[in-house]
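**Q** Before I ask anything, let me first share the structure, which is written out below as structure tokens.
No lab work stands behind these numbers, since they all come straight from the coordinates. None of the values given here were measured: they were computed from a predicted structure. Ideal geometry is used to build each Cβ from the backbone, glycine not excepted, and the neighbour counts take in all protein chains shown.
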Amino acid sequence: MDISQYQRLIEEITEEIFRRTQSACWQGQCACHTVSVDQCPDRMRLIIECGAERIGTTGNMERPIHAELAPFIDHTLLKPDATEPQIRKLCEEARQFGFASVCINPTWVSRASTLLKGTAVAVCSVVGFPLGATTTDVKAFEARRAIFDGAREIDMVINVGALKSGYDSLVRNDIESVVTACHEQGAITKVILEATLLGNEEKVKACTLAKETGADFVKTSTGFAAGGATVEDVALMRRVVGREMGVKAAGGIKDSEITRRMIEAGASRIGASAGVKIVQGERAGAAY
């Protein structure tokens, strides 16, 4: 066989590998296994079937040491200066590690929904964020628009000032408007208390009102007020809402130790920008 025949054979093999692997994977991310393309087991098997004896990969094939925590985590990026490449990276990490959702500002919902289409990772967005002081009709519209764009979970901030003023009916109606908008479309509602601004009686009242509206979760914090999630707040919220509702701890959760303490206290979901570091056993330098 002369050199031209060898070259042609190589070209044919390359074309066949490309054709067969493209059916399972796309643009650097494996849709069937939620890992990078160079880690996709189907792709590797096909390459071996085509004659490869060894495969080189730049990906990290090791299972994260705290991988069992990933399904609890809403992988979060809510900074006002978040960019499209950062959102793309957030979604790629969520796919790779198997996080419950990505939690992002409404402007990025449509983009994230496209990036995560066909995966088990939900898109979560925020309403009335971060102050909770927008009007009820605006919060309901925000929720419907985010769901229209692809969000399957909505984290809404209560009207903290109204709660502290004793306007329980206003707070209940505010929460209920978002819960109704979400449940009409099969989306989950998480109610953010901003616990650091409330006394214990106010926390109990906020949880009770959220439970009365049929909300799916109560959540400790936005991460934008002074202070974040505490074990004590999570335990209190769990006692009030019982086992039938979810409790999300968010704000200042930086490592696997804190994450486990929150879960032991009753958290069923964790909001964190440090999700990758948490599952890899590292400590993040900053809170979300």
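**Q** Convert each backbone phi in segment 172-189 into a coupling constant with the Karplus relation 6.51 cos²θ - 1.76 cosθ + 1.60 (shift: θ = phi - 60°), then list the ³J(HN,Hα) values in order as whole Hz, x for Gly and Pro.
**A** 4, 5, 4, 5, 4, 4, 6, 4, 4, 4, 6, 5, 4, 10, x, 9, 8, 10
**Q** Using a 10 Å cut-off on Cβ atoms, rank the peptides 272-281, 134-143, 107-116, 76-85 from the highest mean neighbour count down.
**A** Ranking, from highest mean packing down: 272-281, 107-116, 134-143, 76-85.
**Q** So if R0 is 25 Å, what FRET efficiency would E257 and V204 give, r being the distance between their Cβ atoms, rounded to the nearest 0.05?
**A** On the way: r = 28 Å, r/R0 = 1.11.
The pair E257/V204 has a calculated efficiency of 0.35.
**Q** OK, next. What FRET efficiency, computed as 1/(1 + (r/R0)^6) with R0 = 22 Å and r the Cβ-Cβ distance, is obtained for K79 and S110, rounded to the nearest 0.05?
**A** E between K79 and S110, to the nearest 0.05, is 0.75.
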